[in-house]
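The values are calculated or read from the model by the stated rules, or taken from the named source; none is laboratory data. All values derive from a computational prediction rather than experimental measurement. The protein model used for the area step is the full one, side chains on, heavy atoms only, and it has no ligands, DNA or RNA in it. Shrake-Rupley method; radii C 1.70, N 1.55, O 1.52, S 1.80 Å.
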Amino acid sequence: MRPVVIDTNSLVQIISKRCPYRPIWDAFLAKRFTLCVSNEILEEYQEVIGIHATPEIAENIVLLILNQHNVRYIDPHFRLRVIVADPDDDKFVDCAFASGADIIVSEDSHFNALKDSPFPYINVLSMSEFMESLSL
């Protein structure tokens, strides 16, 4: 299965049943791709989902993610420091690189820095582009 990193704002959107990108979440649950996460990413998922929903819902979603067989847990021991405009986004790049994922799903323009960087080679796909790549 293709290893993929999903940034927090994209994850928050795809878990909503009303979102047109919900098929990405459903594809994850159907094991159509491997979600790569780190402690930093999981903590941010929980924090941000807790703001948009409740802390209990956030915890349940993180536990659901952790209990899936198509999750690759990575603990990067380095910092590539590629996203100069928003260093907080580097956690997604570090996780993608350490896990061998060649895709980050994001709508965040800060990730455009990867297009100008010869290293690491990681594609950034919008949610609609990722859905298309999954033939959803």
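Tabulated data
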item	result
Convex hull volume per residue for the chain, taking Cα atoms only, in Å³	100 Å³
Folded to 0 to 90 degrees: helix 39-52 orientation relative to the chain principal axis, Cα	50 degrees
Using alpha-carbon coordinates, inclination of helix 90-99 to the longest axis of the chain, degrees	90 degrees
Residue order for 10, 109 - accessible surface, 1.4 angstrom probe, largest first	109, 10
Heavy atoms of residue 110 accessible to a 1.4 Å probe, total area in Å² rounded to 10	60 Å²
For residue 47, solvent-accessible area (1.4 Å; no DNA, RNA or ligand), Å²	120 Å²
Relative contact order, percent, the chain [alpha-carbon distance under 8 Å, six or more residues apart]	29 percent
Accessible surface, 1.4 Å probe, highest first, among residues 127, 1	1, 127
Set of lysines with alpha-carbon distance to residue 17 below 22 Å, sequence-local pairs under 8 removed	31
Global geometry of region 70-136, whether rounded, prolate or oblate, following the gyration tensor of its Cα atoms and the 1.5 cut on a/c	oblate
Å² of accessible area per residue within the chain, as computed with a 1.4 Å probe and no ligands counted	52 Å²
Extension gain (nm, one decimal) between residue 18 and residue 129, 0.36 nm per residue minus Cα-Cα	38.1 nm
Sulfur and carbon atoms: percent of accessible area, the chain [1.4 Å]	50 percent
